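Please treat every number below as a calculation from the coordinates, not as lab data. A quick note: this is a predicted structure, and the numbers were derived from the prediction, not measured. When we count neighbours, we look across all protein chains shown, and the Cβ atoms used for this are built from the backbone with ideal geometry, even at glycine.
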Ligand SMILES: [Zn+2]
């Protein structure tokens, strides 16, 4: 089973980068985890937030956040609406279900006719 992360929302922040002190590099990204197997795709309720500086290419971990970054982060966190958790069956899964349906229907029909 593969676990992937999809980016739901990206926000550019005007805060100073704690690493390179640039004000135009910080980007806050909201991601959500989803799982994929051969038979289904499923969005989980688990979200991941990440701040990265595009100027110095550094991931800014929460321990490095300044009060300003924290404040801006909280603001965006509140405004962020994650995707609803859901599971979607793939074509293959539907084919298996359909096949079972046909076999069962055929079995019942056979049993009724040749009773
Ligand atoms: Zn930076």
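Counting only strands (runs of 3 or more DSSP E) wholly contained in the stretch 1-83, the ones carrying 2 or more residues that are surrounded by fewer than 14 Cβ atoms within 10 Å (Cβ to Cβ) and more than 13 Å from the ligand (Cβ to nearest atom) occupy 2-12, 40-53. Whenever a residue of the stretch 51-65 is over 20 Å from residue 8 (Cα atoms) and free of Cβ contacts under 8 Å to residues at least 12 places away in the same chain, it has no partner that is within 10 Å of the ligand (Cβ to nearest atom) and assigned to a loop (DSSP other than H, G, I, E, B) lying with C-beta atoms less than 8 angstrom away and at least six residues away or across chains.
Of all the residues in the stretch 85-115, those that are in contact with a strand residue (DSSP E or B) (Cβ under 7 Å, 6 or more places away or on another chain) and either touching a residue at least 60 places away in the same chain (Cβ under 8 Å) or outside any helix (DSSP H, G or I) (or both) number 6.
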